[in-house]
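Data first, discussion second: the structure below is written as structure tokens.
The values are calculated or read from the model by the stated rules, or taken from the named source; none is laboratory data. As the structure is a computational prediction, the values presented were derived from the model and not from experiment. Methodologically, a virtual Cβ is constructed for each residue, glycine included, from the backbone with ideal geometry; neighbour enumeration extends over all protein chains shown.
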Amino acid sequence: MMSATTLARTYLPGDENDLQRLHDLFDRPLRDHPRYYLVGADQDDRTEVPAPVYQLLQQVVGAMRLGQAVTIQPQSRVLTTQQAADLLGISRPTLVKLLDAGEIPFERVGTAHRRVALGDVLAYAERRRQEQYEAIAATGVEDDEDLDEVLAGLRAARVGN
């Protein structure tokens with residue numbers, strides 16, 4: 001029996017006009033607390049769309065409008081080390097090093113197996129993304145900086161390593 005985490009499904013973009021209409025709906029300015037509804041075939045068949053579902057739909061429509069396929073893969077809230085590594089796009093041994101270094105919290109199951117909370121994996125990914133943006137920003141050259149001085153500093157840093 002396959003687990004819910006293995007049931008990935010890919011969707012191809014549909015009719016461009018339909019996607020454009022949906023994109024235009026999502027692109028409208030939002031009020032402070034917008035409310036969106038999903039309406040069924042019957043007039044009384046209507047339910048409010050929760051914010052995470054709305055955000056998912058917005059992202060799916062945006063990608064499909066650009067001609068991209070979208071894959072949805074349900075994830076358990078508790079992941080194996082392999083699932084967590086796959087989600088982060090790294091090898092399992094690299095993930096284990098992160099776990100052992102205390103970068104991502106985990107729990108042991110039995111004597112050898114580790115389990116990682118999905119929220120902790122996503123939080124780590126967000127921290128890494130922020131660190132990467134900060135590193136990129138720190139390497140930027142200000143207009144008032146002398147380019148020769150910056151290049152000399154970079155050369156010195158490279159030689160120092």
**Report entry** Answer from 49, 53 - the residue that is under 19 Å from residue 26 (Cβ atoms) and either touching a residue at least 12 places away in the same chain (Cβ under 8 Å) or touching a helix residue (DSSP H, G or I) at 6+ places or on another chain (Cβ under 7 Å) (or both)
**Finding:** 49
Query raised in the report: Which condition breaks for residue 52 when tested against (1) surrounded by 11 or more Cβ atoms within 10 Å (Cβ to Cβ); (2) modelled with pLDDT under 90; (3) not basic (Lys, Arg)?
Result: (1)
Report task. Kindly check whether there is at least one residue in region 64-73 that is part of a helix (DSSP H, G or I), assigned by TED's automatic domain parsing to the domain that holds residue 20 and touching a Pro at 6+ places or on another chain (Cβ under 6 Å). Result -> yes
Requested in this report: Scan region 100-120 for residues that are over 16 Å from the mean Cα position of the chain (by Cα) and surrounded by fewer than 17 Cβ atoms within 10 Å (Cβ to Cβ) and report the count.
Outcome: 13
